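The next block holds one structure in the form of structure tokens; read it before the comments.
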Amino acid sequence: MEYSYVKQQLQTVLHSIEEYIVKHSQNPENVRLVAVSKTFPPEAVTAAYEEGQRIFGENRVQELESKTPILPDDIEWHLIGHLQSNKAAKAVQMASLIHSVDSEKLIHRIDRLAGECGKVQKILLELNISGEKSKFGQTADAAMELAEAAFACTNISLQGLMTMAPFGSEECELRRVFSNLREIRNSMEKQFKKSLPELSMGMSSDYEAAIAEGATLVRIGTAIFGKRDYS
């Protein structure tokens, strides 16, 4: 299959991001695109890579395993999907940043595994701000305890927070979810006197609202690679 369309759609997304940064008075140096290549083959990643994209996100450790050995070494791989404890070792080996850490058990497991690899693993805490039962992530009330556990670890570097907004929500609801994540991050920085520079929020359908509320990592897949075939 020919993936040349990916190059054009990537440029369209990058142009939109630039427009939204200006529109909402954000710092362009703070906003980065994670091109979500889940379910798409290495050829699709290569098409985006040839246009200069270097950060790619995968939902499943198995896909990371299949793609990392055959794609360029300078790709920065992010694991953005739910991480089961039994997959954590592979995730630590391959992911530059794990977006989806949502329990103390997982924090301690990643810390131990990273120590065994001689690595300091960068992570984000995933919070379920919207309260949707179908979504992973800890509650906002548990966020401070998770952050405390992460900061206590030797082999983990907590970089910030991640969330997902309800699909198809009105603008006001999107802004509420994303601004709440930002406010929790700000409270964490104040309480722990630590810098948490990353806010991973916003996908193909809602990344303007996320950028408006201070997103630093926008996770965009469909708008770049097209609709996914899960059959």
**OP:** May I ask you to say which residue of Gly168, Gly202 is within 20 Å of Leu97 (Cα to Cα) and of a type outside the set (Val, Ile, Thr)?
**Re:** Gly202
Original post:
For the subset of the stretch 26-72 comprising residues that are β-branched (Val, Ile, Thr) and touching an Asp or Glu at 6+ places or on another chain (Cβ under 8 Å), which member is farthest from Leu97 (Cα to Cα)?
Top reply: Thr39
Original post:
What are the pairs, 6+ residues apart or on separate chains, where a residue within the stretch 178-197 that is under 15 Å from Ala209 (Cβ atoms) and assigned to a helix (DSSP H, G or I) has its Cβ under 9 Å from a residue that is at pLDDT below 95 and among the aliphatic types (A, V, I, L, M)?
Top reply: Phe178/Ile129; Phe178/Ala165; Asn180/Ile129; Asn180/Ala140; Leu181/Ile129; Leu181/Ala140
Subject >> strands (runs of 3 or more DSSP E) lying entirely in the stretch 14-82 (those with 1 or more residues that are modelled with pLDDT of 95 or more, under 14 Å from Arg219 (Cβ atoms) and small (Gly, Ala, Ser)) >> reply: 32-36, 55-58
Original post:
Looking at the stretch 180-193, is at least one residue buried (at least 21 other Cβ atoms within 10 Å of the Cβ) and of a type in the set (Ser, Thr, Tyr)?
Top reply: no
Original post:
Can you find a residue in the stretch 51-63 that is of a type in the set (A, V, I, L, M) and farther than 25 Å from Lys135 by Cβ?
Top reply: no
Original post:
Just checking, which of Val36, Val45, Val13 is within 30 Å of Ile107 (Cα to Cα), hydrophobic (A, V, I, L, M, F, W, C) and touching a residue at least 40 places away in the same chain (Cβ under 8 Å)?
Top reply: Val36
**OP:** List every residue pair whose Cβ atoms lie under 7 Å apart, where the two residues are 6 or more positions apart in sequence or sit on different chains, the first residue falls within the stretch 150-175 and is of a type in the set (D, E, K, R), and the second residue, located anywhere, is part of a loop (DSSP other than H, G, I, E, B).
**Re:** Glu173/Pro166; Arg175/Glu213
Subject >> Residue under evaluation Ala114, criteria (1) more than 30 Å from Pro166 (Cβ to Cβ); (2) not in a helix (DSSP H, G or I), criterion not met >> reply: (2)
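The values are calculated or read from the model by the stated rules, or taken from the named source; none is laboratory data. Given the structure is predicted, the values throughout are model-derived calculations rather than measurements. Every residue, glycine among them, receives a Cβ derived from its backbone with ideal geometry; neighbour counts consider all protein chains shown.
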